[in-house]
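Colleague: Encoded as structure tokens, here's the structure I'll be asking about.
The values are calculated or read from the model by the stated rules, or taken from the named source; none is laboratory data. These numbers come from a predicted model, not from an experiment. No Cβ is skipped: glycine too gets one built from the backbone with ideal geometry, and neighbour counts run over all protein chains shown. Note: accessible area is taken over every heavy atom of the protein model, side chains too, but ligands, DNA and RNA are not part of it. Shrake-Rupley method; radii C 1.70, N 1.55, O 1.52, S 1.80 Å.
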Amino acid sequence: SCVRKALNEADAFCRDNQLRFTKVRRRTLGILLEGHSAMGAYDVLERLKLEGLGSKPPVAYRALGFLLDHGFIHRIERLNAFIACSHPGAAHYPAFLICSDCGSVAETSFSPKTDVLSKTARLNGFQIQHTTLEAEGQCPDCQQQGSA
């Protein structure tokens, strides 16, 4: 039901903003929502191919680019992968917690007004335009498995 809700919200956003939410774009978002994990472009392409929605890399890259440009997904630089946004449509500053053991990714957020990087930038007269914050470590499940 969370997948259906997110897809309906994306439909409404695209309709309200006169954007084309094509079948491939919708399915690409659905694949990322269903997975609850980061996926590479070729993993997404493989799923699209199995469902008869395209077999060439540009199909996936165009859909991912659209979803990224409109805030429906995020790119995880460290993994060269994509993940559905936990707060689509909301102004937020995402940060990602990446488990080095199982590869799970959790989205959280930080405050650009109070974090150390922003304070340091302001003190040096630097204006940050874009930040990607990624932290690597162990998720609670992997920590438990390691101590068992």
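Colleague: Would you mind checking the tilt of helix 41-50 against the longest principal axis of the Cα atoms of the chain, expressed as 0 to 90 degrees and rounded to 10?
Modeller: So the inclination is approximately 20 degrees.
Colleague: Assuming R0 = 22 Å, what is the FRET efficiency of residue 36 and residue 97, from their Cβ-Cβ distance, to the nearest 0.05? Write down the numbers at each step before the final one.
Modeller: Values: r = 14 Å, r/R0 = 0.64.
The computed FRET efficiency comes out at 0.95.
Colleague: A further question follows. Once both axes come from the Cα atoms, what is the angle between helix 23-35 and the longest principal axis of the chain, in degrees from 0 to 90, rounded to 10?
Modeller: Result, in degrees: 50.
Colleague: Using the Cα centre as the reference, give the magnitude of the dipole from point charges on the C-beta atoms of the chain (Lys, Arg: +1; Asp, Glu: -1; all else neutral), rounded to the nearest 20 debye.
Modeller: Using only the charged Cβ atoms, the result is roughly 620 debye.
Colleague: Given R₀ = 25 Å, FRET efficiency for residue 22-residue 90 by Cβ-Cβ distance, to 0.05?
Modeller: 0.55
Colleague: Dipole of the chain (Lys/Arg Cβ +1, Asp/Glu Cβ -1, origin at the Cα centre): which of 79, 130, 102 lies farthest to the positive side?
Modeller: Value: 130.
Colleague: Another question, then. Could you work out how much longer the chain between residue 107 and residue 129 gets when fully extended? Use 0.36 nm per residue separation minus the Cα distance between them, nm to one decimal.
Modeller: Fully extending the segment from residue 107 to residue 129 adds 5.9 nm.
Colleague: Using just the C-alpha positions of segment 1-92 as equal point scatterers, what log10 of I(q)/I(0) does the Debye formula give at each q in 0.21, 0.24 1/Å?
Modeller: -1.02, -1.33
Colleague: Hey, what angle do you get for helix 57-69 against the long axis of the chain, alpha-carbon based, 0 to 90 degrees rounded to 10?
Modeller: 50 degrees
Colleague: Let's test the formula: R0 of 25 Å, r as the Cβ-Cβ distance of residue 136 and residue 13. What FRET efficiency results, to the nearest 0.05?
Modeller: That gives a FRET efficiency of 0.20.
Colleague: Exposed loop trypsin sites (Lys or Arg not before Pro) only (DSSP loop, at most 10 other Cβ atoms within 10 Å): please give the longest stretch of the chain free of them, not including the sites.
Modeller: That gives 21-112 as the longest site-free run.
Colleague: What percentage of the solvent-accessible surface of the chain, computed with a 1.4 Å probe over protein heavy atoms, is contributed by carbon and sulfur atoms?
Modeller: Values: 4800 of 9440 Å².
Carbon and sulfur atoms account for 51 percent of the accessible area of the chain.
Colleague: Assuming a viscosity of 1.567 mPa s and a temperature of 4 °C, what translational diffusion coefficient in µm² per second does Stokes-Einstein assign to segment 34-148, Rh being the Kirkwood radius over Cα pairs? Write out the running numbers ahead of the final one.
Modeller: Values: Rh = 16.0 Å.
The Stokes-Einstein estimate is 81 µm²/s.
Colleague: Give me the 1.4 Å probe accessible area per residue for segment 39-108, excluding ligands and nucleic acids, in Å².
Modeller: Details: 3650 Å² over 70 residues.
Per residue, segment 39-108 has an accessible area of 52 Å².
Colleague: For segment 67-137, state which chymotrypsin sites (Phe, Trp or Tyr not before Pro) are in a DSSP loop and have at most 14 other beta carbons lying within 10 Å of their beta carbon.
Modeller: 126
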